[in-house]
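S.K.: Would you mind keeping the following structure in view while I ask a few things?
The values are calculated or read from the model by the stated rules, or taken from the named source; none is laboratory data. Worth saying up front: this structure is predicted, and the values here are computed from it rather than measured. No Cβ is skipped: glycine too gets one built from the backbone with ideal geometry, and neighbour counts run over all protein chains shown. The protein model used for the area step is the full one, side chains on, heavy atoms only, and it has no ligands, DNA or RNA in it. Shrake-Rupley method; radii C 1.70, N 1.55, O 1.52, S 1.80 Å.
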Amino acid sequence: MRNVIVAGANGFLGSALIKRLINEKVHIWALSRRRTEDMRVNEHITWIEENASERPFDGFPRPIEFDSFYNFAWQGVNGPDKGNYVVQSNNMMLTLHYAELASRLGCKKYLCAGTIAERAVESVDALKKVPAGMMYSAAKACSHIMLETYCKNVGLDFVWMQIPNIYGPKNKTGNLISYTIEQLKKGEPATFGPAQQPYDFLYVDDLVEAIYRLGMMPTEYHFYYIGSGAPRILEEYLRAVGDIYGSPDLIHIGEREDDGIRYRYDMLDASSIFNAIGNYVSDTFENRIKYTIEHY
């Protein structure tokens, strides 16, 4: 790859991918809704600050042959906006706007970040009450369907990248791993529901490697679940974090009410992506968690 576009470049995943692309001497057109002081200055990056309320920037100089367009832009992944239908609806619209931009620029492939949380909507019918954050899951699931419809209509090659729970030293988004480590750091219990269903975690560098390969290599399918290839029962993961941290007594399973959301092993099957791009998992969960805790 020579030229790529990365939307959501200032986020956790976008910035991690940019680091990988710089190592490969790829030129990055980085789209971000805001500039921060720690945004890297590098000869391989052209930073473009966008206004989230406007249509995507279309000031790319021509002619440029763009190999891939990676979209990680999504507001309200955590916090109260996760349940805000206006914010989540705007995310859906931006996903399609970026697909339109990718098509107009002649990008060879548009890659969009999905989430395993999309599958949570399959539990809605069986629930009398759902958490507010389900709005995020629903918006991602809708975006997946709408994006596939749009891309197939205009003939744009695309990949919906369904991502599991990600962890690493810089991920402090409040997901299960970062929440657990934060609680253990404070010497306070990390409380969970029954935690008896299948789950999957992936180290951020392994995810970035998979994402890089998906953009670089030809792909047969338009959907890939980017998992570890070795999902476990959630309780096993959580107790491993407590053991490695040295505070197994602070992992409290069963203290929270069961939310009723169910995942299955077949949802966490990563065989198609391993067949497409090869192995991208570099180490065990235990070794990566140890490193994450040491460098948190």
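S.K.: Restricting to the stretch 133-145, give me the number of residues that are among the aliphatic types (A, V, I, L, M) and either in contact with a strand residue (DSSP E or B) (Cβ under 9 Å, 6 or more places away or on another chain) or open to solvent by 60 Å² or more (accessible area, probe 1.4 Å) (or both).
M.R.: Of the residues in that region, 3 qualify.
So that you can scan it fast, the table gives a plain yes or no per residue for (1) part of a helix (DSSP H, G or I); (2) surrounded by 16 or more Cβ atoms within 10 Å (Cβ to Cβ):
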position: LEU207; (1), (2): yes, yes
position: PRO218; (1), (2): no, no
position: TYR221; (1), (2): no, no
position: TYR237; (1), (2): yes, yes
position: ASP243; (1), (2): yes, no
position: GLU255; (1), (2): no, no
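S.K.: While we're on this one: Among the residues of the stretch 150-195, what is the count of those that are touching a Cys at 6+ places or on another chain (Cβ under 8 Å) and either charged (D, E, K, R) or in contact (Cβ under 8 Å) with a residue 60 or more places away in the chain (or both)?
M.R.: 5
Residue by residue, here is whether (1) out of contact with any Phe, Trp or Tyr (no Cβ under 8 Å at 6 or more places or on another chain); (2) assigned to a helix (DSSP H, G or I); (3) surrounded by fewer than 15 Cβ atoms within 10 Å (Cβ to Cβ) holds:
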{"position": "LEU147", "(1), (2), (3)": "no, yes, no"}
{"position": "MET161", "(1), (2), (3)": "no, no, no"}
{"position": "GLY174", "(1), (2), (3)": "yes, no, yes"}
{"position": "LEU184", "(1), (2), (3)": "no, yes, no"}
{"position": "ALA210", "(1), (2), (3)": "no, yes, no"}
{"position": "ARG213", "(1), (2), (3)": "no, yes, no"}
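S.K.: Another question, then. Within the stretch 38-79, work out how many residues are assigned to a loop (DSSP other than H, G, I, E, B), at pLDDT below 90 and open to solvent by less than 40 Å² (accessible area, probe 1.4 Å).
M.R.: 5
S.K.: In the stretch 261-283, how many residues are open to solvent by 80 Å² or more (accessible area, probe 1.4 Å), closer than 17 Å to MET217 by Cβ and part of a helix (DSSP H, G or I)?
M.R.: Of the residues in that region, 1 qualify.
S.K.: Looking at (1) polar (S, T, N, Q); (2) touching a Gly at 6+ places or on another chain (Cβ under 8 Å); (3) within 17 Å of PHE72 (Cα to Cα), find the lone condition where THR173 falls short.
M.R.: For THR173, the exception is condition (2).
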